[in-house]
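What follows is calculated from the coordinates using simple rules that are stated; it is not laboratory data. Computed from a prediction, not measured in an experiment: that's the story for all the values here. Virtual Cβ from ideal backbone geometry, glycine too; neighbours counted across all protein chains shown.
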Amino acid sequence: MAPTLNPTDLVTRLNRDVERSLRRARNGVRYVRGTHRPKLGATPKEVVWKRGKAELWRYRNGTVRYGPPVVIVHSLVSRSYILDLRPGNSLVEHLTAAGLDVYMLDWGVPDELDADNDLERYVDWYIPRALAAVRRETAQSEVTLAGYCLGGVMSALYAAAHDDVLVRNLILMATPLDFDEMGAMVALLREGRLNPDELIDDTGNVPADALYSGFYMLAPTTEVAQKATLLEHLWNDEFVEGFQAMAQWSRDHVPFPGAAFRQLTELFVRQNVLMTGSMRLGDRRIDLANARGNVLNAMAERDNVVPSSAVEPIMRLVGDPARREELRLPGGHVTFGTGRGALKVTMPRMAEWIIAHSDELSEQEE
Amino acid sequence: MPANQPLWLTAVHRLERAIGEPVEAAVRTDTYFDAVTRINRARRKTLGMVEGVSRRAWHTLNLPAGTDVRRMREQMSRMERRLAQLTDEVAEVAEDGRRTRVG
């Protein structure tokens, strides 16, 4: 029997559809005009240290109840606001609201002046100085060091090579170790194909467009499906805002410093040195097993940028075997910053782990 | 895929996957990587040849070519980098000095 249509339901449905159509038209116009873009990286912060393009931000969002401070080291290929995407959808906001003292080491947008920045410059120069600034700010001798993507590799190298600031916890978020498993992202750089210098432009860096093309080619047709989904949900302000924020971030890459890119190609991609558990940096050998502190290997199960198989070896190679833990999270590479899985699982579980490995501060320390 | 998704959207998603999966598989093959490499090399070679001809033309008129300007820019960048490095070093020394005095 065909369902009977109640007149009240019909009016309600009609009202809803009219209202949605109006909103759809309004949001469509806004989207096409590129106006009403969401505010990104909105958690209140202040710059507490700066050298060159690198800045250390301290987030101010409520009372700090736990220590040591959490210092996030961002990747070299993307913008750090993915971890503070928008209010209500931000790892930084979640951690600060949980009572953690959160810092972000942001690399800015490299230009000609940064072309000589190599891994030594990041691991032995910027990170130690930024952490010294954190120590001065907080008067605490330890930190929770959290690296995202390539920032995780640099954090692991720092934790294994330095003891000037003690790393109580080392969190590696989507951090590649086995570059043989990185698939299409690095295949062009393998021996016999492109040389790093063929990608480096006049500024001495790999242009942001080249990096964007690399990511785009991982799934060249998904944009069509995403746009269709946007069209269906165009009436939903929240959805449109989230879509715009993600679309902006995924196009917003930064140039990759040439010197670091040459090293990454030769050492990580071609020699896959990280899988030996050690590498030569500057004038000494760094053994990843010497990384101090509790190690959390946080990986996204559906990550197509840094697949789990590239991340899993962390559990064999970084830090003390008795202090390693693994956290498998739903979602893709950006689950640390956005998405339903991020809000329900990633952010709460990250905060729980950090708090479980931190101390509650006395009122004086706060 | 949500259950209440309209049919047209389901169809678009299915079509996108039907096309997308083979495309994604194709851009992960050695043939694709080799083709990209060859195209990139050919592009650079052509660009180099064009630049060479244009350089000779400008030099005949005793004028600087784009490659000269680029080389000069690179030299200036190197100088700027060295200057930035020295600025950093001076800032460090000054900061250490301030901290020693305060301490």
- Percent antiparallel among DSSP beta bridges (both partners in the protein assembly as shown, rounded to 5): 40 percent
- Task: Quick one: order A:L157, A:L361 by neighbouring beta-carbon count within 10 Å, fewest to most.
- Result: A:L361, A:L157
- Message: Sort A:25-34, A:73-82 by packing, meaning the average of other beta carbons within 10 Å per residue, with the highest value first.
- Response: A:73-82, A:25-34
- Message: If R₀ is 35 angstrom, what is the calculated FRET efficiency for the pair A:N195 and A:E223, using the beta carbon separation as r and rounding to 0.05?
- Response: 0.70
- Using helices alone, what [θ] at 222 nm do you get for the protein assembly as shown, with -39,500 (n - 2.57) per DSSP H run of 4 or more residues, divided over all residues and rounded to the nearest 500? -14500 deg cm²/dmol
- Straight-line reach from A:K39: which lysines have Cα under 25 Å away, leaving out those fewer than 8 places along the same chain? A:K50, A:K53, A:K227, A:K344
- Message: Given R₀ = 45 Å, what would the calculated FRET efficiency be for A:A42 paired with A:T8, taking r from the Cβ atoms and rounding to 0.05?
- Response: 0.60
- Message: Give me the dipole magnitude in Debye, nearest 20, for the range A:145-252 about the Cα centre, with unit charges on the beta carbon: positive for Lys and Arg, negative for Asp and Glu.
- Response: 200 debye
- Item | Rounded Å value of the spacing that divides the Cα centres of the range A:199-224 and the range B:80-103 | 37 Å
- Task: Could you work out the mean count of beta carbons from other protein chains within 10 Å of each residue's beta carbon in A:218-231?
- Result: 5
- Note on the structure: The relative contact order of the range A:1-109, taking Cα pairs under 8 Å that sit 6 or more residues apart, comes to a percentage of 28 percent
- Note on the structure: Between A:I286 and residues 5 or more places away or on another chain, the pairs with built amide H atoms under 5 Å apart involve A:M279, A:R280, A:L281
- Query: Which of the peptides A:292-304, A:210-222, B:34-46 is most tightly packed, and how do the rest follow, going by the mean number of other Cβ atoms within 10 Å of each residue?
  - Reply: A:292-304, A:210-222, B:34-46
- Message: Give me the one-decimal nm value for the distance between modelled label points at A:S362 and B:R71, 7 Å along each residue's Cα-to-Cβ direction.
- Response: 6.8 nm
- Message: At R0 = 41 Å, how high is the FRET efficiency between A:K50 and B:K45 if r is their beta carbon distance? Nearest 0.05 is fine.
- Response: 0.45
- Query: Top mean-square fluctuation among B:V12, B:V23, B:V53, Gaussian network model of chain B, C-alpha springs under 10 Å?
  - Reply: B:V12
- Message: Over chain A, what is the relative contact order in percent, taking alpha-carbon pairs closer than 8 angstrom and at least six residues apart?
- Response: 22 percent
